[in-house]
Amino acid sequence: MTGITRRRALFIGAAAAATGLAPAARAPEARWHGQALGAHAEIRFRHLSQAEARPLFAAIEIELARLEGIFSLYRTDSALARLNRDGVLEMPPPELVELLGLARGVHAGSDGLFDPTVQPLFDLYAKAATGGQPVVPEALHDGLARVGMDRVSVTGSVIRLGRPGMALTLNGIAQGHVTDRIAALLKAHGLTDVIVDIGEILATGTAGDGPGWAVRIAGVQGKRRLCDRGLATSAPLGTPLDRAGRIGHILHPARGWVAPVQRQVSVLADSAALADALSTAAALMPDRQLATLRARGFEVVALPV
């Protein structure tokens, strides 16, 4: 989950030097670098040269701009910003409806730990930190009263926030969703060997040096091969909200900031959006809930930090 900035915890593994193949034997590979939703983004795909890929680079940038116009928390003209400002959004973009449906599912599956309605709490802690003051119990009580996914009504024709002062953040799921959308765009253009890193990672096909793509999780020795799966990492103190670095950006929806087990959690799932949301929730989970997540078939890597 991101705040204003995101501590990047995932690194794409090096490819060309590790293949052992002569340059002439390798398929061409194109790379795009840029910014998306406040994070550095890198996209690589095989079988096109940089020159051949230029039209696709333009299509990627157009799609990223369009999606930021939906999901950005900081663009005043985005669909999300208008929903937060007005408390209601008529004729919402279908991408927003789809993403809130996934968010509701993860909310239910995580016993409420993943909750996009924590934005009022984020604002509360950020404002207190700016003023150098702690969050007082009365203010926390008021903030918690504005949190709750059950108070968000979502249909294809209207999204409505059920209480005054409610607001959503999609920083714990939107980067993953945008990652998935860009990968789908490239697939629609016939590309099957792709890795997309927009804060979260989705890889399809192969880098040509073995199955999948080599990726590295910070703090884990060696690399792992990622193929047709998404990977996301979260840590409670990944983006500190106070100068002392004691309060992080992942907030408990029922209690506000609590000192969780200090760890970094990575989740592998069928999509980057699902991995993103689950890693956000998992950062707040005790060991027994992590065990339950693993029992449901998700690969979870939890490291002390």
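The numbered conditions (1) small (G, A, S); (2) modelled with pLDDT of 95 or more; (3) assigned to a helix (DSSP H, G or I) are all true for G112 except (3). The set of residues from the range 203-236 being hydrophobic (A, V, I, L, M, F, W, C) and more than 22 Å from the chain's Cα centre (by Cα) comprises just one member, A207. For the range 225-270, the candidate set comprises residues that are among the charged types (D, E, K, R) and in a loop (DSSP other than H, G, I, E, B); within that set, the residue that is surrounded by the most Cβ atoms within 10 Å (Cβ to Cβ) is D242.
Just one of the numbered conditions (1) polar (S, T, N, Q); (2) within 26 Å of I60 (Cα to Cα); (3) out of contact with any Pro (no Cβ under 7 Å at 6 or more places or on another chain); (4) touching a residue at least 60 places away in the same chain (Cβ under 8 Å) is not true of T192: (4). Among the residues of the range 64-92, those that are outside any loop (DSSP other than H, G, I, E, B) and more than 12 Å from L37 (Cα to Cα) comprise A79, L80, A81, R82, L83, N84, R85, D86, V88, L89, E90. Just one residue in the set G210, G222 is out of contact with any strand residue (DSSP E or B) (no Cβ under 7 Å at 6 or more places or on another chain) and either part of a loop (DSSP other than H, G, I, E, B) or of a type in the set (A, V, I, L, M) (or both); that residue is G222.
I'd like to know if the range 140-159 contains one or more residues that are closer than 26 Å to A275 by Cβ, among the acidic types (D, E), at pLDDT 95 or above and surrounded by fewer than 18 Cβ atoms within 10 Å (Cβ to Cβ). Yes: one or more hits.
In the range 129-147, the residues that are more than 16 Å from I247 (Cβ to Cβ) form Cβ pairs under 6 Å with partners that are surrounded by 11 or more Cβ atoms within 10 Å (Cβ to Cβ), at six or more places apart or across chains, as follows: R146/P120; R146/R163; R146/G165; R146/M166; V147/T117; V147/V118; V147/P253.
Exactly one residue out of L251, L278, L241, L274 is in contact (Cβ under 8 Å) with a residue 40 or more places away in the chain, over 15 Å from L113 (Cα atoms) and within 20 Å of the chain's Cα centre (by Cα): that is L241.
In a helix (DSSP H, G or I), hydrophobic (A, V, I, L, M, F, W, C) and either buried (at least 17 other Cβ atoms within 10 Å of the Cβ) or in contact (Cβ under 8 Å) with a residue 12 or more places away in the chain (or both): does that describe I182? Judged against the criteria, I182 is a match.
The values are calculated or read from the model by the stated rules, or taken from the named source; none is laboratory data. No experiment lies behind these values; they were computed from the predicted model shown. Cβ sites come from the backbone with ideal geometry, for glycine too, and all protein chains shown count toward neighbours.
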